[in-house]
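The block underneath contains the structure these notes are about, expressed in structure tokens.
Derivation of every value follows stated rules applied to the coordinates shown; laboratory data play no part. Keep in mind the model is a prediction, meaning the values are calculated, not measured. We place every Cβ from the backbone using ideal geometry, glycine too, and count neighbours over all the protein chains shown.
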Amino acid sequence: MSERQSAAAVLMVRPASFGFNEQTAASNQFQQRPAGAAPAADGAAALREFDALAAELRSAGVQVILAEDSAAPRKPDAIFPNNWVSFHADGTLVLYPMLAPNRRLERREQVIDQVRRDGGFRVTRTIDLSGHEVEGLFLEGTGSLVLDRPGHVAYAALSPRTDLQVLGEFAQLRDYRVLSFEALGGDGRPVYHTNVVMALGSGFAVLCAGAIADAGQRAGVLASLQERGREIIDITPAQMQEFAGNLLELRTPQGPLIAVSARAWSALTPAQRA
């Protein structure tokens, strides 16, 4: 079955314990420890933003499948279900191996049941890669993978959370071609997730080409994007730091929609926004 690039529905998990995650901080240079704010205040702010986003998406015509996080055990990153599960047009569901032990707790059958029930998603096949966790090998969903779904190309920035062996297994089982590369942040460490470096829409790609240090790898990624007919919006490392590469194209009855944070939007130039 041919798969479209963008979805008309989103799964959102309403967090019960949002906050700084000590277990992921070492590999995520973008995560900043809050200064002075109490964890309860962070959680309350996250809920306000979450509810506002869900309402905005619904008003724009996107179906929002809303699942509630369970209060125990505490899961500070439950708001990011795309790192542990992905859904595909042929009915395939993929479960992914997660680096942080407290993130593995996010994999709950209740959340998948919610997608089945509210989204009408019929699971015809489950690919469970989570067993690689015992080997210390990780691939964190569509954080690690930026997928050209119609073209079956998986872009992946290698990092402690994106292992080449698991990536190869995903590609074989899903019949994808892999384009892997090394992307570095301002501190010289690998960027923790590919979806910080780049994003794909139906006719465009946002990419921080300057983060790909190797000229050959950079040329390969650019050539692949151009071959697929995408207009490339090249962002700077400073814009990447503001999450300008972390956005999502969705479908609505009125046409395509781009969901992007206010922080990322403000970092883009007028020409990039256009």
Problem set entry | the chain: most fluctuating residue of ARG58, ARG125, ARG149 per GNM, C-alpha cutoff 10 Å | ARG125
Exercise. Among ASP69, ASP77, what is the fewest-to-most ranking by other Cβ atoms within 10 Å?
Worked result: ASP69, ASP77
For this session: Choose one answer from VAL13, VAL260, VAL197: the residue with the largest mean-square fluctuation in a GNM of the chain with alpha-carbon springs under 10 Å.
Result: VAL260
Seminar exercise, completed: Per-residue ellipticity at 222 nm attributable to helices in the chain (runs of n ≥ 4 DSSP H, -39500 (n - 2.57) apiece, nearest 500 deg cm²/dmol) works out to -8500 deg cm²/dmol
